[in-house]
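Below is one structure; the comments refer to it alone.
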Amino acid sequence: MKTPKRIQPLVDEGLVDEVISQLMSGKEATVYVVRCGEDIRCAKVYKEASQRSFKQAVQYQEGRKVRNSRRARAMEKGSKFGRDQQEEAWQNAEVDALYRLAHAGVRVPQPYGCFDGVLLMELVTDDDGNVAPRLNDVSMSADTARRHHALVMGYVTRMLCAGLVHGDLSEFNVLVDSAGPVIIDLPQAVDAAANNHAKWMLARDVDNMSQYYGRYAPELLTTKYAKEIWALYEAGELKPDTRLTGEFEEVLLEADVNSVLEEIQAAFEEAQERKLRLQEMELE
């Protein structure tokens, strides 16, 4: 196929030899299958901020640190230079998270670097060399659902121990190969200690996974992994290999009305995003 304009510089530099096909186009990026020497990889081309349909970028960027003070000031002021730096930080967040999580033992695609808004990374495939399906396209037995759900809860735990919350984890952001689930799409990953929304983002991530796997193993629908994981994290007792139970005894306190309303609004926006994704997939 014709080389997209954004990938042409990588071809000119010898980083990419051929663009084979477009894999998918989502709310924040378009992904292509490319050949790099003898290796088949994927190139994720991030969309410009004005073209992205990711509506809550500010919430996700809270707590992200910029080492260069000039860049940080420019980003706060919202100048053109600052906006450019903010875009670069958004794009680099994913490759940084991929390296960090791979080191933590989370199954993610291997990154090969981000070049001018194009992330080169491993193409996750099945045993026949075909592109691995997304979780929402996979049917499974109850036993497989329980096993894969346990793996994902382990990955969420390892992410949090590494200081990160995915922030947008759902059946649309998980691939499935012969070894099980692979976590993808991490540009919105948040700093668990520095982002005030991290707790409910983690709860939403975990609940999305439990709801999906619960279609095949209904007992997962009543588990309380999110509350268990966060309670252990706050107590400083969460370890990468912590054995989770899915059980949690809640201490009822006076309701924080504002927090409840924020969670309701977040749930509504998540439902709208999910509906939009399904519509986009039907059009592909």
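Bear in mind these aren't lab numbers, they're just calculated from the coordinates by the rules spelled out. On a predicted model such as this, the values are computed, not experimentally measured, just so you know. Note: ideal-geometry Cβ built from the backbone for every residue, glycine included; neighbour counts use all protein chains shown.
Let me spell it out: the conditions are (1) assigned to a helix (DSSP H, G or I); (2) touching a strand residue (DSSP E or B) at 6+ places or on another chain (Cβ under 9 Å); (3) of a type in the set (D, E, K, R); (4) farther than 17 Å from LEU101 by Cα, and GLU171 meets all of them except one. Which number is the exception?
Exception for GLU171: condition (1).
Would you mind telling me which numbered condition in (1) in contact with a strand residue (DSSP E or B) (Cβ under 6 Å, 6 or more places away or on another chain); (2) within 19 Å of ALA266 (Cβ to Cβ) ARG204 fails?
The number of the failed condition is (1).
Anything in region 182-207 that is under 30 Å from ASP128 (Cα atoms) and either aliphatic (A, V, I, L, M) or surrounded by fewer than 21 Cβ atoms within 10 Å (Cβ to Cβ) (or both)? List them, or say none.
Across region 182-207, the qualifying residues are VAL182, ILE183, ILE184, LEU186.
Among the residues of region 129-161, count how many are free of Cβ contacts under 8 Å to residues at least 40 places away in the same chain and under 16 Å from LEU186 (Cα atoms).
Looking only at that region, the number is 0.
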